Amino acid sequence: MNNQIIADDFPVTLGDRQLQYMQSRAIDLIQTLKQRDDEIVRMGKLNYVLQERVKSLYVENQILRDLAQTNEATANTLRSNLEHFLAQVDELPATAATGGDVFHPPLEEDAVSSCGSCDGADGNDFTAGTGGCKRCGERTASVLVLPCRHLCLCTVCGSALLQACPVCDTVMNASVHVNMSGDS
């Protein structure tokens, strides 16, 4: 009878142990599944953040590409303008050999244009002594040629579309009519 009681207790004890073990394993599996689910949710959020970052970088890349193209176009325009300007400068007469530069004529020419008092060594300088027009020789010089500043044309010749100064052959970019008063 004693054996009967032990035998009756043993299956119940073995069943309880198996049940506890199974419950423990089930709890472990549930915790593992919950951790995996949490990690999947975390990875989903990280994936979303990374996708948004990729979109942001793509937009930034487009903006920088457009800016680079704009800067390249601006640089090409500036390069073209510089080449055009340098070509115009190369077309200007070289006055440096006579003591001046492109923007400042030599002093001898400046004196002729200022007062007309320099003596012309070659004999055909109408401005020296007479104050006559260097083009027609008939009227008084009253037009100042720019940029060389020679006072060498009359009003009629100064109104004509001349390309160069008759004194120094500098390309004319403008002329100014000077009102000469007769008060001395």
Only listed residue being at pLDDT below 90 and surrounded by 10 or more Cβ atoms within 10 Å (Cβ to Cβ), chosen from ASP28, ASP16:
ASP16
I'd like the full set of residues that are farther than 12 Å from VAL178 by Cα, surrounded by fewer than 19 Cβ atoms within 10 Å (Cβ to Cβ) and at pLDDT 85 or above, limited to segment 143-162.
LEU146, PRO147, VAL156
Is it true that ASP37 is part of a loop (DSSP other than H, G, I, E, B) and either loosely packed, with under 10 Cβ neighbours inside 10 Å or modelled with pLDDT of 85 or more (or both)?
no
Tell me whether segment 164-184 contains one or more residues that are at pLDDT 80 or above and exposed (fewer than 11 other Cβ atoms within 10 Å of the Cβ).
yes
Which one is nearest to the chain's Cα centre (by Cα) among residues in segment 64-94 that are touching a residue at least 12 places away in the same chain (Cβ under 8 Å) and assigned to a helix (DSSP H, G or I)?
VAL89
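The values are calculated or read from the model by the stated rules, or taken from the named source; none is laboratory data. A quick note: this is a predicted structure, and the numbers were derived from the prediction, not measured. Because the Cβ atoms are built from the backbone with ideal geometry, glycine has one as well, and the counts that use them run over all protein chains shown.
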